[in-house]
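The structure under discussion appears below in the form of structure tokens.
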Amino acid sequence: MAFKIASSPHVSTSLHTNKVMLRVALCLIPGIAAQLYFFGAGTFIQIILALVTAYIAEASILKLRNKPVADTLKDNSALVTALLLAIAIPPLAPWWIVVIGTLFAIVIVKNLYGGLGNNIFNPAMAGYVLLLVSFPVQMTDWVTPHSVAQHSVGLRYALQGIFTPEFINLGHNISFDGKTMATPLDTLKTDLSMGLTTTESLLKPIFANMAGVGWFGVNLAYLIGGLIMLKLKVIRWHISFAILGALFICSSFGFMLNPDTHISPIMHLFSGGTMLAAFFIATDPVTAATSAKGRLIFGAMIGVLIYIIRTFGGYPDAVAFAVLLANMCAPFIDHYVRPRAYGHRSGN
Amino acid sequence: MSKYPEIAKQGLWNNNPGLVQLLGLCPLLAVTATLTNALGLGLATLLVLVGSNILVSLVRDFVPKEIRIPVFVMIIATLVTCVQLLINAYAYGLYLSLGIFLPLIVTNCVIIGRAEAFASRNSLAHSAFDGLMMGIGFTLVLVVLGGMREIIGQGTLFAGADLLLGEWAASLTIHVWQVDNAFLLAILPPGAFIAMGLLIALKNVIDQKIEQAAPKPEASTVTRARITKVS
């Protein structure tokens, strides 16, 4: 019998990066399904485009960097990045949007910083911010949820919309006009800036329930996926609950102070990308803080930032900016929130 | 023994103010959204740099060491004011589009850096040539960066060249490709940082290749036959 001699930790599991990433991807399925149901088949095509781009980009850049291509591709991190980016962008955005975003995420944000494990910023969110900053028009035109629109977006329709932007621009198809509109958060923000109160704005058909048609369901589905991830111990609860808690507390205060000009806490939690960010994006182990206390601070920071940017900022949703800003602070948080080593006094 | 080739090499490549010394990053990143702006600011900086190097070199023996920096700053500020007034008079459009960055040339570290590190220690001709080479090196980086960002961002080159060169230059504008949507990131400051990082990386790659290609000088190992004890 051979004894394996190794330094601690002695308890190891077979849960490697590729399995963790695969589980994250699988837990995204409920949310993606909900998105396909409410917003049509566009997202499906975006996912395929993002995946193809991500794998080609990752393979080429790894080759350039003289790294093992096949082994690294198998870690599934490109898969998760591509998925997160593809579901974050509008389903009917032109094809080059998702391609540019994925290229930027994989090549510049991930690999030029040293590859998986060395990136400072969450690749998917950095790619998203690049797109939002560069192409604000395309990035804020979200598909009308199918119960508000007259027809739902089928696969053929989505293909046409994504690959031939003229299809929309030239107005070949008049009914296409009704296919895209601003997201509920965006609509509400525009209305508030035009002097309407929240209550008046909420009478619009897109706000048929509290968080906007479709968005409530999508967020609920991501919440379910996130809870499954918690159960599988893919992520820990600190970051997600800190985000949701901080966002809930901030928005409740705002709503109590002046319900006419503030968005309700329920809408904050169940509209936009809140649940996706809380469970799938902010919990990225590479770019988040590492200790339990650090994660609570990191999450709370994201929650507060989401509230501040949504309420006072110029962009319709704030999740991506909040995550990136918190990413920047993660090393700083880690530096000051070190777990106490056994035998040392705390604070030393 | 002429120092000129060495000075030229330092200014244009080895010690390029933009790519290696990373001086003057603020104007470098802020105004390079189009080739015209980049060229305009590059030329203005070049003028100031040559002038300040000449003047500093002339007065270097009369200025007490303790107050040299204020004196240099005064010289530079004077020249910047001259250049600013000239541009205001002859290229008003460019003056408007360069905005605050034109007077801010006075704070460009390349200029005070060259005055302190080179012109205050070298002869007039050498200093003037150093100013010229450093200025060209800086302008080249600005132009490459401006060109890259303009092509990626708007798909044009030399847009607004008439601001710099007069009415006739309006026809210089080249439409590299037609874009429906400007790629805003390339025009915004983050794009400048990313493009700058890529340029520096490119320079380092080229340097590495040159170093690898160059035959390594034989390490001259002196083997001593015997060691005598020195007491």
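None of A:ILE87, A:ILE61 is outside the structural domain of A:LEU223 (by TED's automatic domain parsing) and buried (at least 23 other Cβ atoms within 10 Å of the Cβ) except A:ILE87. Among the conditions (1) surrounded by fewer than 21 Cβ atoms within 10 Å (Cβ to Cβ); (2) of a type in the set (D, E, K, R); (3) not in a helix (DSSP H, G or I), A:LYS293 misses just one, which is (3).
Quick one: which of A:THR144, A:THR180 is in contact with an Asp or Glu (Cβ under 6 Å, 6 or more places away or on another chain) and at pLDDT below 75? Testing whether each residue is in contact with an Asp or Glu (Cβ under 6 Å, 6 or more places away or on another chain) and at pLDDT below 75 leaves just A:THR180. Determine whether A:ILE168 is more than 17 Å from the chain's Cα centre (by Cα), at pLDDT 70 or above and within 13 Å of chain B (Cβ to nearest Cβ). So A:ILE168 does not fit the description; no. Residues considered: A:ILE106, A:ILE29. Of these, the only one that is touching a helix residue (DSSP H, G or I) at 6+ places or on another chain (Cβ under 8 Å) and surrounded by 17 or more Cβ atoms within 10 Å (Cβ to Cβ) is A:ILE106. Only one of the numbered conditions (1) under 18 Å from A:GLY245 (Cβ atoms); (2) charged (D, E, K, R); (3) part of a loop (DSSP other than H, G, I, E, B) is not met by A:ARG345, and that is (1). Scanning the range B:64-83 for residues that are in contact (Cβ under 8 Å) with a residue 40 or more places away in the chain and buried (at least 16 other Cβ atoms within 10 Å of the Cβ) gives B:ARG68, B:PHE72, B:ILE75. Can you name the residue in the range B:21-32 that is assigned to a loop (DSSP other than H, G, I, E, B) and more than 10 Å from the chain's Cα centre (by Cα) and, of all such residues, is surrounded by the fewest Cβ atoms within 10 Å (Cβ to Cβ)? Here the answer is B:VAL31. Put simply, of B:LEU46, B:LEU58 the only residue that is under 17 Å from the mean Cα position of the chain (by Cα) and either within 30 Å of B:ILE174 (Cβ to Cβ) or at pLDDT 90 or above (or both) is B:LEU46. Condition test on A:GLY273, is it outside the structural domain of A:LEU84 (by TED's automatic domain parsing), of a type outside the set (Val, Ile, Thr), surrounded by fewer than 18 Cβ atoms within 10 Å (Cβ to Cβ) and closer than 21 Å to A:TRP215 by Cα? Here the answer is no, as A:GLY273 does not meet what is asked. Of the residues in the range A:238-258, not one is buried (at least 24 other Cβ atoms within 10 Å of the Cβ) and either in a loop (DSSP other than H, G, I, E, B) or at positive phi (or both). In summary, helices (runs of 4 or more DSSP H) completely within the range A:45-142 and bearing 1 or more residues that are closer than 19 Å to A:MET328 by Cα and not acidic (Asp, Glu) occur at A:77-88, A:123-134. Scanning the range B:175-208 for residues that are modelled with pLDDT of 75 or more, outside any helix (DSSP H, G or I) and either more than 13 Å from chain A (Cβ to nearest Cβ) or within 30 Å of B:GLN84 (Cβ to Cβ) (or both) returns a single hit, B:LEU188.
The values are calculated or read from the model by the stated rules, or taken from the named source; none is laboratory data. No experiment lies behind these values; they were computed from the predicted model shown. Cβ coordinates were reconstructed from backbone atoms using ideal geometry, including for glycine residues, and neighbour counts include every protein chain displayed.
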